[in-house]
1. Mind giving me the FRET efficiency for residue A:257 and residue B:2? R0 is 35 Å, r the Cβ-Cβ distance, nearest 0.05 is fine.
2. How far, in nm, would the chain grow between residue B:14 and residue B:179 when pulled straight, counting 0.36 nm per residue and subtracting the alpha carbon separation?
3. Considering chain A as a Gaussian network with a 10 Å cut-off on Cα pairs, which listed residue, A:18, A:55, A:183, attains the greatest mean-square fluctuation?
4. Considering only DSSP beta bridges whose two residues both sit in the protein assembly as shown, what percent are antiparallel, to the nearest 5?
5. For chain A, with a Gaussian network of springs between Cα atoms less than 10 Å apart, report the residue from A:102, A:23, A:207 with the top mean-square fluctuation.
6. Using only alpha carbon pairs under 8 Å that are at least six residues apart, calculate the relative contact order of chain A and give it in whole percent.
7. Kindly rank A:31-43, B:45-57 from highest to lowest mean number of other beta carbons found within 10 Å of each residue.
8. To the nearest 0.05, what FRET efficiency results for residue A:114 and residue A:6 with a Förster distance of 51 Å applied to their C-beta separation?
């Protein structure tokens with residue numbers, strides 16, 4: 001199977017803290033790959049690295065065989081037209097209507113006439129079920145609708161790769177179901193390659209073709225949903241079952257309780 | 001020893017910040033301008049930072065002109081020189097108060113809004129998402145705002161001075177009874193186009209540049225949290241006010257100091 005993105009021996013640190021230490025992963029073309037892990041381990045950072053917004057300290061990220069960190073700025077901007085990203089907040093432009101938000105990438109990057117843009121925008125909105133909301137402003141949308149509108153914008157230019165940053169975080173069960181269905185449907189209908197960063201275990205197990213679990217600066221488990229479920233790694237199992245204590249400790253590292261409470265006495 | 005370390009660290013931080021600010025300015029203005037896309041965006045921003053600041057500028061200009069006429073009259077009348085009220089009001093406004101007070105008001109009214117807006121765009125990932133859509137936020141977001149500030153503030157300063165002179169007329173001539181003919185004719189004879197009007201415009205262009213640069217940079221460089229944006233907004237107003245007052249002295253010294 002062909003890999004759209006290949007990350008090899010990547011090391012990345014920020015503010016003196018190492019976030020990734022020598023990790024490698026592959027995103028297969030046409031598949032949905034999920035990257036999971038506890039909060040605060042830099043899953044979003046991984047997407048930003050893939051999008052070329054951050055530069056790794058060591059290692060390489062290849063998009064269709066071309067190294068992203070070594071690209072010149074102009075080339076990077078060209079490559080970014082083939083990828084798009086759904087941000088956690090949706091990141092709709094608050095000073096434009098939903099319609100103009102989705103028309104934005106088309107107006108920026110194509111020379112299509114307004115009537116064609118109109119058609120494309122309505123098609124994309126229809127795909128996410130928001131054609132009726134075209135004239136609303138982003139502030140008038142609910143959280144779930146904003147994310148769907150952002151999804152319509154993300155697919156406006158028919159990208160090859162779409163990266164979802166925590167698409168399910170903070171959604172009610174219905175919106176969550178809608179998003180799961182949309183991601184799956186888009187992937188099948190448009191032959192997209194999807195990367196989903198999330199910590200919602202159940203949703204991911206239903207849509208992902210391949211899963212990477214990141215923790216402690218490295219990949220602790222990878223495989224198809226079936227392989228992950230049957231993994232014998234205690235760390236993976238703790239994550240899947242949501243146990244409070246285990247290899248990932250409940251307590252943030254601290255000195256001993258005796259020292260903390262009896263500090264002056266002892 | 002400790003203060004020496006702090007001094008060094010602070011200086012380095014300031015220099016680094018200045019470097020980032022210059023980098024942003026170059027990316028926004030110098031690198032590959034795209035006038036066709038820029039002009040409509042800039043016009044929209046001129047409406048936001050310029051037209052919407054008109055009211056505060058006109059009202060402040062009017063009152064400052066009126067106060068100056070009142071104060072000037074009570075001093076000048078003792079020497080029977082109330083005929084010179086016109087040039088006094090006009091020169092103070094054109095040379096100093098117009099550019100400086102407009103700049104201070106502009107920093108508070110438009111500069112803080114620019115910082116908060118850009119900071120929030122950063123916090124809500126709008127800037128990142130522009131970048132991921134292969135649109136350079138420096139050119140799309142920062143550049144139109146920079147140009148809008150640089151274009152609109154000098155005009156606001158001229159409007160401020162003009163309204164102030166009318167306010168001076170209102171109090172000096174209509175109320176206190178200075179002769180209208182001498183108010184205008186001595187003003188015309190005294191005010192020099194190059195020395196007074198043009199120098200005032202130069203001042204306000206410099207102030208406009210500095211304020212919009214600080215405001216856009218502070219927003220662009222802000223830490224994208226509510227605390228970070230509030231700090232950035234405060235810094236915009238404080239830094240640009242201090243910069244305006246400091247630069248005003250330097251510019252005045254250069255323009256009028258050495259004859």
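Bear in mind that the values in this text are calculations on the coordinates, not laboratory data. Because the structure is a prediction, the values reported are computed rather than measured. Don't worry about glycine lacking a Cβ; one is built from the backbone with ideal geometry, like all the others, and counts go over all protein chains shown.
1. Given R0 = 35 Å and the Cβ-Cβ separation, E is 0.55.
2. Details: separation 165, 0.36 × 165 = 59.40 nm, distance 5.45 nm.
So the chain would gain 53.9 nm between residue B:14 and residue B:179.
3. Between A:18, A:55, A:183, it is A:18 that shows the largest mean-square fluctuation.
4. Looking only at bridges with both residues in the protein assembly as shown, the antiparallel portion is about 55 percent.
5. Sorting by GNM fluctuation, first place goes to A:23.
6. RCO, chain A: 23 percent.
7. Ranking, from highest mean packing down: A:31-43, B:45-57.
8. The calculated FRET efficiency here is 0.80.
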